[in-house]
1. Work out the mean other chain Cβ neighbour count within 10 Å for the residues of A:36-43 and drop it here as an integer.
2. Which distance in Å, rounded to a whole number, links the C-alpha centroids of the range A:97-131 and the range B:1-70?
3. If a/c stays under 1.5 just call it rounded; otherwise compare a/b with b/c (prolate if a/b is bigger, oblate if not). Do that for the range B:46-138, with a ≥ b ≥ c from the square roots of the Cα gyration tensor eigenvalues.
4. Given R₀ = 41 Å, FRET efficiency for residue B:109-residue A:77 by Cβ-Cβ distance, to 0.05?
5. Mind pulling the angle between the C-alpha long axis of helix A:41-56 and the longest principal axis of chain A? Nearest 10 degrees, somewhere in 0 to 90.
6. I need to check one value: relative contact order of the range A:42-165, counting alpha carbon pairs closer than 8 Å and at least 6 residues apart, in percent.
7. Work from the charge dipole of the protein assembly as shown (Cβ charges, +1 for Lys and Arg, -1 for Asp and Glu, about the Cα centre) and give the residue of B:31, B:129, A:91 farthest towards its positive end.
8. If you count, for each residue, the other Cβ atoms within 10 Å and average over each peptide, how do A:76-84, B:61-69 line up from highest to lowest?
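Please treat every number below as a calculation from the coordinates, not as lab data. What you see is a predicted model, and the numbers here were worked out from it, not measured in a lab. Every residue, glycine as well, gets a Cβ built from its backbone with ideal geometry; the counts of neighbours run over all protein chains shown.
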Amino acid sequence: MKMNKKGDKLISVYWFAILFIVAGGIVYMVSAFYGKPYDVREAEADILTTKIARCISEAGYLKEGVLTENFRENFAEICMINFQVEDVYGWRERGQYYVEVEFLDFDTKQKVFEISEGNEGLKPDCELEGETLPVCIERRFYSIDENGNQYQINMLSVVRKTEKNVQ
Amino acid sequence: MSSNFINKEHRKKGQVGETVTWIVATVIIIVILLLSISVAVTDIFDFKKFNYMKKTDVLASKSFFSYLLTESEGGTSVYKQLGAEDNLNEFNGVLAEKIFKKFYGDEYVHVWIGIQDTSEWQGPGSDLGFLKNDYFGGEASREFLNFVGETFNAGGIIPLNKNKNKNIILFLSKL
């Protein structure tokens, strides 16, 4: 009888130990999972690419005045792009976005025009690999102007914002 | 042998069996817990990557519209050529290859452009009228359409006649 009582006590202690280990594990798991932020930078860069593509080409043709100096200088304003960010982690001082649009002759692949906006310093990071680096999206599309000239348009969109998207 | 000795032996075996069961159960609990924690911490399934599904690939559909508006040396647009002819010709076929295969071939597993003629469509189960062409092959089979229908049709469909039974289609599928 005495032996049985001792065994029961031991099993109770064991049960409590397991209960605490499992509960602690679940708490740690939940906090680790929900403590991590969602990485939305790829979606952000994709939206940026789409917005710029819509700005430079419409109904199959390049918009009038796209291949001009005025468009290059007022690109952000014309395309209604706002690269302002929250004033945290020194983001204001160091731009968090960069976009580059290259217009190539479709047949010869010679560059005929180029537009860029944002922090150019982010571009070299696109050649590196790593979670804590900016997200870069490179895409291409085909367009023609009203004179029938054919263009290959290469677009590069870069979003940094590492601190809020990766931990 | 006395019955007392046999009872003692049985009790010992029972205790050993019970202890082993407890140890195995503990190990299973710990392993499951550690596995779950490692999945949550390392995020190997990319749960924290914001996944989004685009209904239309804007850049591909822009390329598609520009492609249809491109004129050959004779001044006839690809759209008009496709409307007048039954399938892709050398000019618009090669151009389509240069645009869609080169630009989107790496991004998508399936890239197909061609004509669908539904004028002889008999209803569900009949041939869907996808015409094979020399540039994008014969991928436009029923299996391909079903497959794409379930996943991603990011390109575009443009009718080539008033009855809308002859269409030029761009299929892009990531799976």
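1. Working: counts 5, 2, 5, 5, 4, 2, 4, 5.
For this peptide, the per-residue mean of nearby foreign Cβ atoms is 4.
2. Answer, in whole Å: 43.
3. Working: a/c = 2.20, a/b = 1.28, b/c = 1.72.
Oblate.
4. On the way: r = 39 Å, r/R0 = 0.96.
Between residue B:109 and residue A:77 the formula returns 0.55.
5. 20 degrees
6. Numbers: 197 pairs, mean separation 37.4, N = 124.
This gives 30 percent for the range A:42-165.
7. So the residue furthest toward the plus end is B:31.
8. Details: A:76-84: 12.9, B:61-69: 22.8.
Top to bottom by mean Cβ count within 10 Å: B:61-69, A:76-84.
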